[in-house]
Amino acid sequence: MNRRSFLRCATLTPIFANTLLADDSDIYLNKEEWELLIRVNTRLKRIKKHVGFGNFNLISFNETLFYARSYSKIGAFTKKELELIDKLFHEDPKIYGFYGERTCLRIDNEVLKKQVTKIPYTGHFIFQGKALEDYYNLKKDVGDTLILTSGVRNIVKQLSLYVNKIYNSRGNMTKATKGIAPPAYSYHTVSDFDVGRKGWGYKNFTADFASTDEFNKMTKLDYIGMRYKKNNKDGVRFEPWHIEVI
Ligand SMILES: [Zn+2]
């Protein structure tokens, strides 16, 4: 084999080719979208600061546009920024390897205060009915070290988490979408909530939560489900902290 064809073969060995493919198959925002994303992220953070952490969980998209227009310290969303938001809400996330069901059809979805109950000292809300019942039963069956870490999240809150995740993933949409559901695809908008162990901080959102006594007790309860088990068909990472309301 002459040197030239050897080099060609060497660069096509399966391992190397696969490595290249793995990196290349991730989908990124383009440069213009990336710059818009930074501005949307900043504006959403200003909204959160303006309405407060608790209210930000519930506010609708229309209310968000109103606040942005009305307060110069927030500033109205530009047409291009709204186009990016529209794309993040409406596009099919299967292209990023997310196969979960759409939970919300309208970007201006409303969550009414009378539909939810605020859980003291958490800044979070839970839907009345089965979800709230589950939460109280969990506190009773698992104990007081079990805490609510995230409850109802309307579209804007989910959008802000998604946008921030894309930002932290440097525009890598494939990576971001595996870490957090896109704004129209979260079960937090319709039913589910997250729990953790008191004092565990960010570790409550890692697979380590599955090693806690709290989690162990939860696995024995038949009135709740685990939405995102290991290797779930939705393509979402293992989330032992995420309670499926059944
Ligand atoms: Zn969750």
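The numbers here are math on the coordinates, done by the rules we state, and not lab data. Just so it is clear, the model here is predicted, and its values are computed rather than measured. Note: ideal-geometry Cβ built from the backbone for every residue, glycine included; neighbour counts use all protein chains shown.
Within the set LYS175/LYS230; LYS73/LYS157; LYS80/LYS178; LYS175/LYS233, which residue pairs have Cα atoms separated by over 21 Å?
LYS80/LYS178
How about the range 31-118: which GluC sites (Glu not before Pro) there are in a DSSP loop, with at most 10 other Cβ atoms within 10 Å of their Cβ?
For GluC sites (Glu not before Pro) across the range 31-118 that sit outside H, G, I, E and B with at most 10 neighbouring Cβ atoms in 10 Å, the list reads GLU101.
Per 5 Å bin, what percent of the C-alpha pairs of the chain does each bin hold, from zero upward?
Going from the shortest bin to the longest, the percentages are 1, 6, 12, 16, 16, 15, 12, 8, 5, 3, 2, 2, 1, 1, 0, 0.
At a Förster radius of 25 Å, what calculated FRET efficiency corresponds to the Cβ-Cβ distance of ARG106 and GLU35, to the nearest 0.05?
Result of the calculation: an efficiency of 0.35.
Please compute P(r) over all alpha-carbon pairs of the range 147-246, binned at 10 Å starting from zero, and give each bin as a whole-number percent.
Whole-percent P(r) values from 0 Å outward: 15, 46, 33, 5, 0.
I need the chymotrypsin sites (Phe, Trp or Tyr not before Pro) found in the range 121-159, filtered to DSSP loop residues with at most 13 other beta carbons within 10 Å of theirs. Write out the running numbers ahead of the final one.
On the way: sites: TYR121, PHE125, PHE127, TYR135, TYR136; in loops: TYR121.
Those satisfying the criteria are TYR121.
Can you return the aspartates and glutamates within cross-link range of LYS139? Criterion is Cα-Cα under 12 Å, with same-chain partners fewer than 8 residues away left out.
Result set, ordered by chain and number: GLU214.
Using a simple charge model, +1 on the beta-carbon of Lys and Arg, -1 on the beta-carbon of Asp and Glu, nothing else, what dipole does the range 30-74 show about its Cα centre, in debye to the nearest 20?
Taking the Cα centre of the range 30-74 as origin, the dipole is about 240 debye.
Using Cα pairs closer than 8 Å and at least 6 residues apart in sequence, work out the relative contact order for the chain, in percent.
21 percent
Say each of LYS139 and LYS45 gets a label point 7 Å from the Cα, pointing the same way as Cα to Cβ; how far apart are those two points in nm?
With each label placed 7 Å out from Cα toward Cβ, I get 3.3 nm.
Nearest 500 deg cm²/dmol is fine: what mean residue ellipticity at 222 nm does the chain get from its DSSP H runs of n ≥ 4 alone, each adding -39,500 (n - 2.57), divided by its residue count?
Calculated at 222 nm, the ellipticity per residue is -13000 deg cm²/dmol.
Within the range 172-246, report the trypsin sites (Lys or Arg not before Pro) that DSSP leaves as loop and that have at most 10 other Cβ atoms within 10 Å.
Sites meeting the loop and neighbour criteria: LYS220, LYS233.
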